[in-house]
């Protein structure tokens with residue numbers, strides 16, 4: 001398809017609803033994507049961050065592992081078991097320090113691959129029906145959320161960290177690219193998390 | 001290594017210089033990264049864009065193919081053959097329309113994989129020495145640039161488009177994530193290219 005076919009006005013006005021198969025298809029690919037991108041890449045790319053109190057690609061993989069253990073499926077189970085009567089545990093955004101302690105990046109990638117496969121196996125085994133997607137839970141700061149929103153956020157969270165990793169690594173060449181910097185959007189992205 | 005080891009103040013004040021082995025290691029991984037991320041993903045992820053006159057992931061792969069054919073190695077050769085006496089050809093940022101015509105995403109991924117391998121084979125065969133990196137060429141709008149800057153930009157260009165693809169795909173779930181949007185930096189990135 002040429003570019004124009006997808007650029008017709010209005011094509012993209014309505015955003016996609018959370019779709020379990022679409023969510024699963026994306027979540028299932030992230031370990032292989034990170035393996036292809038990061039495994040055996042020199043530490044000059046994967047071990048460097050964007051300055052004090054920022055993360056390296058290595059740190060991000062630890063964060064993804066921590067999310068796999070404590071965030072996504074535990075929260076989905078809580079919605080299904082307790083609805084809004086019991087809030088999620090707050091997520092520890094520095095939990096990767098414990099997850100990563102003493103481990104190499106390939107070890108972390110292997111661990112993330114294993115944990116993600118286990119999470120998706122569990123998610124599939126729930127045999128969720130369309131009506132389950134509207135079931136509600138209680139987020140400690142956001143308030144009422146739905147299972148559909150949790151699952152969409154899981155997929156988008158993978159993408160936000162792929163976005164971050166590509167930015168962290170590009171940052172290492174911010175001077176090396178010389179005058180081309182102005183053409184490279186990633187060099188001007190400061191991150192947007194609140 | 002725990003997070004703190006890499007977050008010492010000053011660790012990252014000096015950005016990495018272009019290093020041919022580091023550049024090659026990154027460039028060599030991009031086809032496998034895009035294959036892992038995109039191949040067989042539903043068109044709902046790969047065929048949608050961010051609105052009128054923006055690109056889908058499919059379009060980005062076509063753009064990378066066009067760059068492989070007309071931008072990176074042709075410009076490196078021009079620097080080595082003509083120095084600053086003959087400017088680069090301007091790069092056609094809509095060249096992917098021709099490259100993509102009638103092709104499926106898996107076909108484009110195969111083509112990019114093949115072209116990238118050929119480019120890197122040619123780059124390695126040049127046996128560039130450290131002193132070659134300072135050789136100069138003439139960019140049609142940026143003026144004088146060095147071979148080192150061109151090679152660093154090639155790697156950063158891969159990363160800027162990985163950054164873009166993750167943003168385009170996250171955009172499809174911008175409504176589905178509900179209140180979590182505020183925690184997902186990628187949802188608030190509007191791109192930064194000039």
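The values are calculated or read from the model by the stated rules, or taken from the named source; none is laboratory data. Model, not experiment: these values are computed from the prediction. All Cβ positions, glycine included, derive from the backbone under ideal geometry; neighbour counts span all protein chains shown.
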TODO: Considering each of B:81, B:89, B:68 in turn, give the residue that is within 19 Å of residue A:183 (Cα to Cα) and exposed (fewer than 13 other Cβ atoms within 10 Å of the Cβ).
DONE: B:89
Task: residue B:147 surrounded by 20 or more Cβ atoms within 10 Å (Cβ to Cβ) and more than 28 Å from residue A:72 (Cβ to Cβ) - done: yes
Task: Of the criteria (1) part of a loop (DSSP other than H, G, I, E, B); (2) surrounded by 21 or more Cβ atoms within 10 Å (Cβ to Cβ), which one residue A:160 fails - done: (1)
Task: Qualifying residue in segment A:151-163 (condition: out of contact with any helix residue (DSSP H, G or I) (no Cβ under 8 Å at 6 or more places or on another chain) and without any contact (Cβ under 8 Å) to a residue 40 or more places away in the chain) - done: no
- [ ] Would you be able to say whether some residue in segment B:121-129 is under 14 Å from residue B:65 (Cα atoms) and either within 12 Å of another protein chain (Cβ to nearest Cβ) or at pLDDT 95 or above (or both)?
- [x] no
Task: Which numbered condition residue A:135 misses (of (1) within 30 Å of residue B:145 (Cα to Cα); (2) touching a strand residue (DSSP E or B) at 6+ places or on another chain (Cβ under 8 Å); (3) more than 7 Å from chain B (Cβ to nearest Cβ)) - done: (1)
TODO: Among the residues of segment B:149-188, write down those that are within 7 Å of chain A (Cβ to nearest Cβ) and closer than 24 Å to residue B:87 by Cα.
DONE: B:149, B:152, B:153, B:155, B:156, B:157
Open item on the list: Here are the criteria: (1) closer than 28 Å to residue B:163 by Cα; (2) touching a residue at least 40 places away in the same chain (Cβ under 8 Å); (3) buried (at least 16 other Cβ atoms within 10 Å of the Cβ). Tell me which single one residue A:185 does not satisfy.
Closed with: (2)
TODO: Say whether the condition of being more than 21 Å from residue B:29 (Cα to Cα) and touching a strand residue (DSSP E or B) at 6+ places or on another chain (Cβ under 8 Å) is met by at least one residue in segment A:56-63.
DONE: no
TODO: Could you please give the count of residues in segment A:17-51 that are within 16 Å of residue B:22 (Cα to Cα), in a helix (DSSP H, G or I) and at the interface with another protein chain (Cβ under 7 Å from one of its Cβ atoms)?
DONE: 4
